[in-house]
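K.L.:
Quick one: this structure, given as structure tokens, is what I'll be asking you about.
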Amino acid sequence: MPNVNSPKIEFDKKGSSSRFNLDVNQYADNYYNLKIVGSGGTAYNLTGFGFSGTIRKHIGSSSTSTDTISVGFDTIGGQSVGIITAKVTNSLTTSFTKISPRYTYDIIATEHSSGYKRQLVSGDVNVNVGITQVGSGDEGDDIIGQNRICIAIIDESNNGDNAPSIAEYNTFRETFPNRKHYLLQPVSSGVADTSKLMISSLESIYVSGFGTDTSFNGSEIKVHPVNRDGGSADNASDWFDIVGIQTGTITKLALFVDVSGSMTLATVAASYAKFIGTCTDAGITVRQESNSVEDWLEPFSGILA
Amino acid sequence: MANKKLINIDVIKKDLMIPRNVDYEQLFTINDNSTGTGVSFSGFSSSILTSKVKQNPNSTSFAATFTATYSDASSGIIKLTLTADQTKALKSGRYFYDVVVINEDKPSADVAGDLHTERLVQGQLIVE
């Protein structure tokens, strides 16, 4: 719920815009509820408006990756009550300098019907510099698994309909840019069919943990085929080798095996046993994740400590 | 990420005095501004605390890492500890620290949750 003590920001078509300074905790998510009121002091109906915001080192400074940072805005509780929430996320604050940590920001409101743009609010950004940065260190400091290797064993997701949405995938990549995600598809043919796991628009942005490796079939690997071994050790695939895990470099990884129906654990039982055994021998703990709706990303979208 | 706070708190600002060569422990109660009572961290699907110490906020290396745990998660009580060996390793002087929590709020088993990182405590640390 919005804080009843949210600062009131006057918004009308006359006079200068309001000023409100933001105190930002570096290496943390920061939220600011702003109550937008008209000249009479009553809630302003923001239906039909969009918002954008920037943070810069100083007014007039050029846009660079280090001194211009977007600020996200969404309405909560409905646009009609006139409350917007500005957010300065943890990932954005990592760009702030600790020396002279003061910036300026503004928020622009755009009325969609007319294209009319007006500065809604502006002010200073005072940064409380941070000490503890989650996910910044080596694996010993990686308390939420920022760098975790994530392996999904799944044969299909309803031709991509049950796969993550573009927005969900982008959120994952923004939140965990260093997590390597691998899709291993149990098939009988020996040839992967990416279309069974994701729609083409997702395929075009999906970044596989295999990266630019073209050694398998001359193309970059989005999805790697593995055997449907049916419990036969002779037919087992070596997932550990396929993913290319380097022994001694990690102590933990995350694994999701789809058991929703078109395949079960029995479909890949021998490969699974081989993988768990290899990981155990290599001193790697396997976090076993689950999802019952053929979503191959959700199991890796949270804390993987 | 949802566009709302998961917890409604003010950052606690507290400087700590730490003797060397002894075990050290410090408790904090994180209060919810809305209710005035301790924040229940046990309601999240996952909640992890972390706390580092630096001699200079701008330095890349850490002087120490607190062991940060919940003393009573449902009442918002957290505990920072350093062992005698850790306090011995610190040279006398002034340091900076903060405590950060990462909460995961997952609506159901098959739906991705929200991850929020929030600062709970900050201050200086004086090693005697």
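The values are calculated or read from the model by the stated rules, or taken from the named source; none is laboratory data. Only a predicted model underlies this, so the values are computations on that prediction, with no experimental measurement involved. Here Cβ is always computed from backbone atoms with ideal geometry, including for glycine, and neighbour counts include all displayed protein chains. To get the accessible areas, we keep the full protein, side chains included, count just its heavy atoms, and leave off ligands, DNA and RNA. Shrake-Rupley method; radii C 1.70, N 1.55, O 1.52, S 1.80 Å.
K.L.:
Sum up the lysine pairs in region B:12-122 that clear both bars: alpha-carbon distance under 24 Å and a spacing of 8 or more or different chains.
P.N.:
Within region B:12-122, the lysine pair count is 17.
K.L.:
Using only DSSP helix segments of four residues or longer, with each worth -39500 (n - 2.57), what per-residue ellipticity at 222 nm results for the protein assembly as shown after dividing by its residue count and rounding to 500? Intermediate values should be presented prior to the final figure.
P.N.:
On the way: 6 runs with 42 residues, N = 433.
For the protein assembly as shown, the value works out to -2500 deg cm²/dmol.
K.L.:
How much area per residue is accessible in the protein assembly as shown when the probe is 1.4 Å and only protein heavy atoms are counted (Å²)?
P.N.:
Values: 19610 Å² over 433 residues.
That works out to 45 Å² per residue.
K.L.:
Using the beta-carbon distance between A:ASP12 and A:ASN158 and R0 = 51 Å, what value does 1/(1 + (r/R0)^6) give for FRET efficiency, to the nearest 0.05? Intermediate values should be presented prior to the final figure.
P.N.:
Details: r = 50 Å, r/R0 = 0.99.
Once rounded, the FRET efficiency stands at 0.50.
K.L.:
Quick check: Cα centre of region A:77-133 to Cα centre of region A:156-214, how many Å?
P.N.:
Spelled out, the Cα-based centre of one part sits 33 Å from the other.
K.L.:
Using modelled backbone amide H atoms (1.01 Å from N, in-plane), which distant-in-sequence or interchain residues come within less than 5 Å of A:PHE96's amide H?
P.N.:
none
K.L.:
Where both partners of a DSSP beta bridge lie in the protein assembly as shown, what percent of those bridges are antiparallel, to the nearest 5?
P.N.:
Values: 68 of 100 bridges.
Taking every DSSP beta bridge within the protein assembly as shown, about 70 percent pair in antiparallel fashion.
K.L.:
What angle, in degrees between 0 and 90 and rounded to the nearest 10, separates the Cα long axis of helix A:269-281 from the longest principal axis of the Cα atoms of chain A?
P.N.:
The answer is roughly 70 degrees.
K.L.:
How much accessible area does B:LYS13 have with a 1.4 Å probe, in Å² rounded to the nearest 10?
P.N.:
150 Å²
K.L.:
Return the loop-located chymotrypsin sites (Phe, Trp or Tyr not before Pro) in region A:187-246 (DSSP other than H, G, I, E, B) with at most 14 other Cβ atoms within 10 Å of their own Cβ; answer none if there are none. Please report the intermediate quantities before stating the final value.
P.N.:
On the way: sites: A:TYR206, A:PHE210, A:PHE216, A:TRP239, A:PHE240; in loops: A:TYR206, A:PHE210, A:PHE216.
Passing sites in region A:187-246 are A:PHE216.
K.L.:
Follow-up question, since we're still on this one. Using Cα pairs under 8 angstrom and six or more residues apart, how large is the relative contact order of chain A, in percent?
P.N.:
Working: 603 pairs, mean separation 46.3, N = 305.
Value for chain A: 15 percent.
K.L.:
If the cut-off is 18 Å between C-alpha atoms, which lysines fall inside it for A:LYS252, apart from same-chain ones fewer than 8 positions away?
P.N.:
Within the straight-line limit of under 18 Å, A:LYS252 reaches these lysines: A:LYS180, A:LYS274.
K.L.:
Long-range amide H contacts for A:ALA282: which residues qualify at under 5 Å (H placed 1.01 Å from N, peptide plane, sequence gap of 5 or more or a different chain)?
P.N.:
none
K.L.:
Among A:ILE55, A:ILE245, A:ILE99, determine the one that fluctuates most according to a GNM of chain A built with springs between C-alpha atoms less than 10 Å apart.
P.N.:
Highest fluctuation of the listed residues: A:ILE99.
K.L.:
How high is the relative contact order of chain B? Use alpha-carbon pairs under 8 Å, at least six apart in sequence, and give a whole percent.
P.N.:
With pairs under 8 Å counted, the relative contact order is 35 percent.
K.L.:
Looking only at A:SER52, A:SER200, A:SER114, which one moves most when chain A is put into a Gaussian network model with springs between Cα atoms under 10 Å?
P.N.:
A:SER114
K.L.:
Just give the residues from region B:31-63 buried by at least 50 square angstrom of accessible area in the all-chains context relative to the isolated chain, probe 1.4 Å, and say none if nothing qualifies.
P.N.:
Those are B:ILE48, B:LYS52, B:PRO57, B:ASN58, which lose 50 Å² or more relative to the chain on its own.
K.L.:
Quick one: angle between helix A:166-175 and the longest Cα principal axis of chain A, in degrees between 0 and 90, rounded to 10, please.
P.N.:
The angle comes out at about 80 degrees.
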